[in-house]
1. Between Phe29 and Lys5, what FRET efficiency follows from the Cβ-Cβ distance if R0 is 35 Å, with the result rounded to 0.05?
2. Against the longest alpha carbon principal axis of the chain, how many degrees, from 0 to 90 and to the nearest 10, is the axis of helix 3-23 turned?
3. Tell me whether the chain comes out rounded, prolate or oblate; compute the Cα gyration tensor, take square roots of the eigenvalues as a ≥ b ≥ c, and use a/c under 1.5 as the rounded threshold.
4. Taking 7 Å along the Cα-to-C-beta vector as the label spot, tell me the Phe22-Leu37 distance in nanometres, rounded to one decimal.
5. Quickly estimate the mean residue ellipticity at 222 nm for the chain, helices only: each DSSP H run with n ≥ 4 gives -39500 (n - 2.57), and the total goes over all residues, rounded to 500.
6. Enter the angle in degrees (range 0 to 90, nearest 10) between the Cα long axis of helix 28-49 and the first principal axis of the Cα atoms of the chain, meaning the one along which they spread out most.
7. Given an 8 Å cut-off on Cα distances and at least 6 residues of separation, report the relative contact order of the chain as a percent.
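Since every read-out is calculated from the coordinates, none of them should be taken as a lab result. Since this is a predicted model, take the numbers as computed values, not measurements. Every residue, glycine among them, receives a Cβ derived from its backbone with ideal geometry; neighbour counts consider all protein chains shown.
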Amino acid sequence: MNVGKVLLVLLAIWILMGVVGFLIKGLFFLFIIALVLFGFTLATEGRRRGILKR
């Protein structure tokens, strides 16, 4: 499994967590956690590929 596939799986998990957290009001904290992790994953991958500069 290459890095691209792992990234896609991680992003899919974060999106799924966000949707579940948004739909179930008692689990709104999941939505917030998913947003943070989604942004962190994208930023990390962007830096690694040289898209984002420090």
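1. Numbers: r = 28 Å, r/R0 = 0.81.
Plugging the Cβ-Cβ distance into 1/(1 + (r/R0)^6) gives 0.80.
2. It works out to around 20 degrees.
3. Oblate.
4. In this crude spin-label approximation the distance works out to 1.6 nm.
5. Working: 2 runs with 43 residues, N = 54.
One gets -27500 deg cm²/dmol as the mean residue ellipticity at 222 nm.
6. Rounded to the nearest ten degrees, it is 10.
7. Taking the mean separation of contacting Cα pairs over the length of the chain, I get 28 percent.
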